[in-house]
Structure formats: structure tokens, C-alpha cells
Amino acid sequence: MWNVVFMGTPDFAVGSLKVLLEAGQYHIQAVVTQPDRPKGRGQKMVETPVKTFALQHGLPVFQPLKVKEAEFVQQLKAWQPDFIVVAAFGQFLTQEILDIPTYGCINVHASLLPKYRGAAPIQYAIIKGEKESGVTIMRMEKGMDTGAMYSRVVVPIDAEMNFARLHDELMEKGAELLTDTLPRIAEGLQPEIQKESEATFATLLTKEMAKIDWNRPAQEVHDRVRGFDPVPGAFTYLPDGKLLKIWETRVTGNRTEALPGTVVSVTKKDFSVACRDGELRILTVQPESKKRMPAAVFLNGRGVTAGDRFGSKE
């Protein structure tokens, strides 16, 4: 049985922790996750998904403000882990920590490295219109996701797949790949060095990035809608300045002479908006201060009419 210290924070990491626990060949010495943070309008302290799962299964949880703190590093050394497994943890590991485990710090990264190194690889794969994504199991080093790769699994991205669906599939496939790869690493599996010339980066997402630019091609707008579903949600502004989130779209292929952002047609079920190169059909929306709804419900209320043009808040 191998000794494992697990480091992870969001839902994506729970999948890997779960399979390690269920495999029966790993002793989870500790679960390390980010400190609880205030969230929501009431700023109530909320624990991380990894912490919730770990406590439910009786696993010891540690939440250092910084893992590089000397006292915590000494604790890591005292555990003498065979592996430190990292999945979307959210803190950089120092070389001192990277050198602690017998077989290294092993990262479950949600992309086909060296593509989309960084904090938001799942969203970027969709936003950039990729036809496939995947998970890479890699040995960590000090650079941002630059370590050598032990294994990978490819996951196709279909035309309507959003972030939530791709996230869940990558979480499941990545967890399976992790438990398949760790024993092979212990047996001497040699990793493959990444090609720096092929590296791309997935920086942190901002809310402003989710604002729809109707001057983009329809396919690009569609990909952004998918990539920002469910967080933070692609949005635009109605003619009266109120925010409207767009959750589901389809590229029609229809051409139009209308200015980008103009509602070009309205039916009982949906409406179409002009983009730089054609129309985008809108199927699901969320008006300001309301819940998601089919476009048909939105149109039965205040809705929009042909000729309206989406714009800015001002």
C-alpha cells in the first residue's frame, strides 16, 4: 500500500480523491485544501468541495494558508509520502515540497499538455473551439505545468458541449487515468518531456471576458457561451441597459446585413442575433434577477423584438 498526501480544492479534484480512496491500495495520510472562504451575499464561510468530501469519509484535513510555511513543510516531511497527488489545488509548490515524496508530486491536469497550461484549461479548450481536450498525468516541477508527462487520455468535444459537461467527463476520465498511472510510476514508468514550442496558456478568467462581443463570428460567440456555462455565464445588455445572460445558442449559418448585436428574427420558440458573419440562434437565457428560462418564456414576457440591438450597460 502506497502512502499518499492529496492536495486539491474544487469539484474536479474530488473525483481523483474518491478513486484513490476506493482503490484500496493507497493510504491517504492527509488531505490538503485551500482555507475556507466567505461566499455569497451574506459572506458566509464556505468549505471547499474537497474538504467536504474528506470529512465525510473521515480523512484528516489540513488547510494551511500557504503550503510553503516551514511548519507545514516539516509536517509533510514527517509523513514521508510515496506520492503527493495534486489536482487543481490552487497554490504553487516549492522545490523543497516537490522533493519530498519518493515518486514525486503527481499532477492531474485537465488538458492535453503542453496545450493550455494554467488555471482554466477546460474553459479555454471550449472557448478556442477545440475539437478535443483531455487529462494529462504529469510529474510536477517549479514551472507552471511544465513537468514531464506520464500519461494522457483524450476526450472529444462535441459542438454543443459546455464547460459543465466537459468538466465532469474530464474529472471522471482523469481519476481513472490517475489510478492506472500511479502503480506504473512506482514500477519505473519514464515520463515524456513536453515540447515548449507547442505550449499555450489558459490564464485566469474574468467576468469581463464573458461579455459577448457581437462583432465576433457567430461560431466564436457560440463557443464563448459554451465555455462560460455555468461560470461566470456569457452576458450582454438589453436596449434598456439591463443584463441578459445567454446560456444556449446554435450557429444557424444564415447570413445577414444587420449590424452585429441586432435581433434579426423572432419566433415563438427563440430569436436570432446578428454576429459579424451571420446569425446566432438564442435558445436559453437568464434576465437580470431571474432564473434561467427557455427563450420562448422570455419572449412571452418583456422579451425582445426584431430590430432591437444589444449594447452596453450605459
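Could you list, in sequence order, the residues of the stretch 91-112 that are surrounded by fewer than 24 Cβ atoms within 10 Å (Cβ to Cβ), in contact with a Pro (Cβ under 8 Å, 6 or more places away or on another chain) and of a type outside the set (A, V, I, L, M, F, W, C)?
101, 102
Can you tell me which residue among 268, 291 is under 20 Å from residue 207 (Cα atoms) and surrounded by fewer than 15 Cβ atoms within 10 Å (Cβ to Cβ)?
291
If a residue has to be touching a strand residue (DSSP E or B) at 6+ places or on another chain (Cβ under 6 Å) and farther than 16 Å from residue 293 by Cβ to count, how many in the stretch 234-250 make the cut?
Selection size over the stretch 234-250: 2.
If I go through the stretch 34-52 residue by residue, how many of them are modelled with pLDDT of 95 or more and either basic (Lys, Arg) or under 19 Å from the mean Cα position of the chain (by Cα) (or both)?
6
Please work out which one of (1) over 15 Å from the mean Cα position of the chain (by Cα); (2) touching a residue at least 12 places away in the same chain (Cβ under 8 Å) is the condition residue 159 fails and give its number.
Residue 159 satisfies every listed condition except (2).
Restricting attention to the stretch 107-126, which residues are of a type outside the set (Ser, Thr, Tyr) and on the phi > 0 side of the Ramachandran plot?
Within the stretch 107-126, just 118 meets the criteria.
Which count do you get for residues in the stretch 279-314 that are in a loop (DSSP other than H, G, I, E, B), within 20 Å of residue 251 (Cβ to Cβ) and more than 29 Å from the chain's Cα centre (by Cα)?
2
With (1) under 28 Å from the mean Cα position of the chain (by Cα); (2) surrounded by 15 or more Cβ atoms within 10 Å (Cβ to Cβ); (3) assigned to a loop (DSSP other than H, G, I, E, B) as the list, and residue 256 as the residue in question, which single condition is left unmet?
For residue 256, the exception is condition (1).
Between 90, 129, 104, 58, which is modelled with pLDDT under 95 and on the phi > 0 side of the Ramachandran plot?
The conditions single out 90.
Which ones in the stretch 108-123 are under 18 Å from residue 16 (Cα atoms) and not hydrophobic (A, V, I, L, M, F, W, C)?
109, 111, 121
Kindly indicate whether any position in the stretch 252-270 is in contact (Cβ under 8 Å) with a residue 60 or more places away in the chain and at negative phi.
The answer is no, given that none of the residues of the stretch 252-270 is in contact (Cβ under 8 Å) with a residue 60 or more places away in the chain and at negative phi.
What residue, of 73, 14, 31, is touching a residue at least 24 places away in the same chain (Cβ under 8 Å), hydrophobic (A, V, I, L, M, F, W, C) and either in contact with an Asp or Glu (Cβ under 7 Å, 6 or more places away or on another chain) or in a loop (DSSP other than H, G, I, E, B) (or both)?
73
Which residue, of 171, 138, 161, is of a type outside the set (Val, Ile, Thr), touching a His at 6+ places or on another chain (Cβ under 7 Å) and in the same structural domain as residue 193 (by TED's automatic domain parsing)?
138
Return a yes/no flag: does the stretch 215-228 have any residue that is among the basic types (Lys, Arg), crowded, with 22+ Cβ neighbours inside 10 Å and assigned to a helix (DSSP H, G or I).
Checked against the condition, which is being among the basic types (Lys, Arg), crowded, with 22+ Cβ neighbours inside 10 Å and assigned to a helix (DSSP H, G or I), the stretch 215-228 yields at least one hit.
The values are calculated or read from the model by the stated rules, or taken from the named source; none is laboratory data. Remember, predicted model here, so these are calculated numbers, not experimental data. Neighbour counts are summed over all protein chains in view; Cβ atoms, including those assigned to glycine, are modelled from backbone coordinates with ideal geometry.
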